[in-house]
Amino acid sequence: PSGAGKTTVTTAFLERLAAAGYQYCILDPEGDYRDIPGAVALRSSEPRSLVDEVLQVLARPDQSVAVSLPDVRLEERPVFFGTLLPRLQELRAATGRPHWIVVDEAHHLMPIDWEPTATTLPIELANLLLVTVHPDHVAPAALANVETVIVVGRDATKTVAAFARALDI
């Protein structure tokens, strides 16, 4: 649930990645990670230019990026993500980076009605961390790739049950 510690756990994870020399890209719909040490903070209301800016930052192996999206309209966020993710995958195929892609508030970028193509969301996508208070509001195509679930907060069983319902398991 909100306030249970998801941001704290995610921040600790990102800090450990950075300390180990790994590059990451965090997509942050609410602007919670704009001040994370070691990452270049980007924010824009123009999704197309933001994609290019993200790739420019990630072109340097020693730089990670925190992409704040509060200025991007809610209905444009899945389109932005659908444009950025294949470009990140291309970069990964060419360079092996970014090592991790972190999607905070995944239900904003991959809502339940989001229907990605195989190009947008391949069957297997390694090192993708999805963070959400509503796993049952995330597109089943995205949840189908989940291998590990970490739940924080008092109602862990409710959250796990919501995840299971979303996948009909």
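A few remarks follow.
- With all protein chains in place and ligands, DNA and RNA left out, the 1.4 Å accessible area ranks 100, 114 as 100, 114, largest first.
- Axis angle, to the nearest 10 degrees, between helix 156-166 and the longest C-alpha principal axis of the chain: 80 degrees.
- Fluctuation leader among 144, 59, 94 - the chain, Gaussian network, Cα springs under 10 angstrom: 94
- Acute angle (nearest 10 degrees) that the helix 6-19 long axis makes with the longest principal axis of the chain, alpha-carbon atoms: 40
- CD proxy at 222 nm, helix term only [per DSSP H run n ≥ 4: -39500 (n - 2.57); per residue of the chain; nearest 500]: -11500 deg cm²/dmol
- Of all the options 61, 98, 78, the one that moves most in a Gaussian network model of the chain with Cα springs shorter than 10 angstrom is 61.
- Entry for Rg and Dmax of the Cα atoms in Å (calculated from the structure that is shown) out of (1) 21.2, 79; (2) 15.1, 42; (3) 18.7, 78: (2)
- Summary value for the chain: 23 percent relative contact order, contacts being C-alpha pairs under 8 angstrom separated by 6+ residues.
- Counting only heavy atoms of the protein chains and using a 1.4 Å probe, residue 71 has close to 70 Å² of accessible surface.
- With every protein chain in place, the chain: carbon and sulfur % of accessible area (1.4 Å): 52
- Accessible area (Å², per residue) of region 1-86, counting only protein heavy atoms and a probe of 1.4 Å: 49
- Degrees between helix 77-95 axis and first principal axis of the chain (Cα, 0 to 90, nearest 10): 60
- Net +/- balance of residues flanking residue 114 in space, Cβ distance below 12 Å, scoring K and R +1, D and E -1: -2
The values are calculated or read from the model by the stated rules, or taken from the named source; none is laboratory data. Bear in mind the structure is a predicted one, so any value in this text is a computation, not a measurement. For neighbour counting, all protein chains shown are included, and Cβ atoms are generated from backbone atoms with ideal geometry for every residue, glycine included. Only protein heavy atoms, including side chains, enter the accessible area calculation; ligands, DNA and RNA are left aside. Shrake-Rupley method; radii C 1.70, N 1.55, O 1.52, S 1.80 Å.
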